[in-house]
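Engineer: This structure is in structure tokens; I'll ask about it shortly.
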Amino acid sequence: MKKKNNILVFVLIAFGFSWLFWIPEALIAQGWAAPEFVQKLVALNLGAWGPLVGALVTTFIYEGSAGLKKILKSGINVRLGKWWLVGLLIFPVLIGGALGLANLLGSPIPEFPVVAEAVESGAPLPVFLLIAFMFIFFLGGPLQEEFGWRGYVFEHLRNQYSALTAAMIAGLMWGVWHTPLFFANRPEPYYTNPAWGLFLTTLLTGIILAWIYANTKGSIFAAMLGHAMFNWSNYVFPALDVDAAGLILFGLYFLVVGYILWQYERKTLIKT
């Protein structure tokens, strides 16, 4: 196979693996009386691992064991310098800030399910929040997805296009990948709100995560850290449950992306 087909091969593997689980889940949610073996397949909840599987398999196909070693090494590259703070703080500030601003403008404060869950578990809130972060990092999306979207798609597309264009393509691909979940009766606010909200979110946050990735010498770990804080912050601060906070959050995302495009080169997303 020609190297130029590698993104297509990744898409076929990543989407195919994930949708193998998610399409039956959506059909069951819409009333399909699925055979027992299909229900057991769906219950395994393995769909989110598609991008990781796609990245590793496609890397091995085109680059062999040397490429596989390289991409795995990027997943444990923790030499981030000041970007540790960016990865840890940017999304809590944006998401928590959006909720706070909405409250200042008159929106009611929503319930914080995380507090009730911490009380129910009997763990002190700080301990519960740390456990939640670790769970999210390893099982809630970052590990399963960032090897694919930033570590493979963005990494390879930025060799063909500008880093900004590559980040936008990877971000939109990330959003489309979630499509079956809108029909699966998932309770997360990503899927109970209009689909355009998720696609715009993956586009904008995809640029932010690509910016972090590019400025940490291609550290997939850095992208996973940012992704984990994005998911964790949405869990801790239920901004998406408040319409005004959601709109403010989009405004803040645009401001951050605008800052990136103002201060960093569009070709590389790195300051020169």
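The values are calculated or read from the model by the stated rules, or taken from the named source; none is laboratory data. Note that the structure is a prediction, hence the values are computed from the model and not measured. Neighbour counts are summed over all protein chains in view; Cβ atoms, including those assigned to glycine, are modelled from backbone coordinates with ideal geometry. Areas reflect the complete protein model, heavy atoms only, side chains present, ligands, DNA and RNA absent. Shrake-Rupley method; radii C 1.70, N 1.55, O 1.52, S 1.80 Å.
Engineer: Too long at a 32 Å Cα-Cα cut-off: which of Lys4/Lys267; Lys4/Lys82; Lys70/Lys267; Lys73/Lys271; Lys40/Lys73; Lys82/Lys267?
Structural biologist: Lys4/Lys82; Lys40/Lys73
Engineer: Taking +1 at the Cβ of each Lys and Arg and -1 at the Cβ of each Asp and Glu, which of Ala116, Phe199, Leu164 sits farthest along the dipole of the stretch 84-213 towards its positive end, judged by Cα position relative to the Cα centre?
Structural biologist: Most positive-ward Cα: Leu164.
Engineer: In addition: Per 10 Å bin, what is the whole-percent P(r) computed from every C-alpha pair distance within the stretch 185-272?
Structural biologist: Percent of Cα pairs in each bin: 16, 45, 29, 9, 0.
Engineer: Moving on. Counting only protein heavy atoms and using a 1.4 Å probe, what share of the accessible area of the chain belongs to carbon plus sulfur, as a whole percent?
Structural biologist: 69
Engineer: Something else: With every protein chain kept in place and ligands, DNA and RNA left out, what is the accessible area per residue of the chain? Probe 1.4 Å, answer in Å².
Structural biologist: 50
Engineer: Report Tyr161's accessible area, 1.4 Å probe, all protein chains in place, as a number in Å² to the nearest 10.
Structural biologist: 110
Engineer: Residue by residue, what Karplus-based ³J(HN,Hα) values in Hz, rounded to whole numbers, does the stretch 48-56 have, using 6.51, -1.76 and 1.60 with θ = phi - 60° and x for Gly and Pro?
Structural biologist: 5, 7, x, x, 5, 4, x, 5, 5
Engineer: Once you sort the root eigenvalues of the Cα gyration tensor of the stretch 75-185 as a ≥ b ≥ c, which label holds: rounded (a/c under 1.5), prolate (a/b larger than b/c) or oblate (the other case)?
Structural biologist: Here the stretch 75-185 falls in the prolate category.
Engineer: List the extent of the Cα atoms of the stretch 1-150 along each of their three principal axes, largest first, rounded to whole Å.
Structural biologist: Cα spread of the stretch 1-150 along its principal axes, largest to smallest: 57, 51, 33 Å.
Engineer: Mind checking which aspartates and glutamates have their C-alpha under 17 Å from Lys69, skipping anything on the same chain fewer than 8 residues away?
Structural biologist: Glu146, Glu155
Engineer: Kindly state, to the nearest 0.05, the FRET efficiency for Phe254 paired with Tyr62, given R0 = 45 Å and r defined as their beta-carbon distance.
Structural biologist: Once rounded, the FRET efficiency stands at 0.80.
Engineer: What are the ³J(HN,Hα) values, in whole Hz, obtained from phi via the Karplus relation 6.51 cos²θ - 1.76 cosθ + 1.60 with θ = phi - 60°, for each residue of the stretch 255-272 in sequence order, with x given for Gly and Pro?
Structural biologist: Once θ is set to phi - 60°, the couplings for the stretch 255-272 become 5, 5, 4, x, 4, 4, 6, 7, 9, 10, 5, 5, 5, 10, 6, 10, 6, 10 Hz.
Engineer: Using a 1.4 angstrom probe on the protein heavy atoms only, line up Leu88, Leu94 by accessible area, largest first.
Structural biologist: Reading off the accessible areas and sorting them downward yields Leu88, Leu94.
Engineer: Further question: Quick check for me: using +1 on Lys/Arg Cβ and -1 on Asp/Glu Cβ, what's the dipole size of the chain about its Cα centre, in debye to the nearest 20?
Structural biologist: Rounded to the nearest 20 debye, it is 1420 debye.
Engineer: Hey, another quick one. Counting other Cβ atoms within 10 Å, keep those with at most 16, restrict to DSSP loop, and tell me which GluC sites (Glu not before Pro) in the stretch 90-174 are left. Walk me through the numbers on the way to the answer.
Structural biologist: On the way: sites: Glu111, Glu117, Glu120, Glu145, Glu146, Glu155; in loops: Glu111.
Within the stretch 90-174, the qualifying GluC sites (Glu not before Pro) (loop, at most 16 other Cβ atoms within 10 Å) are Glu111.
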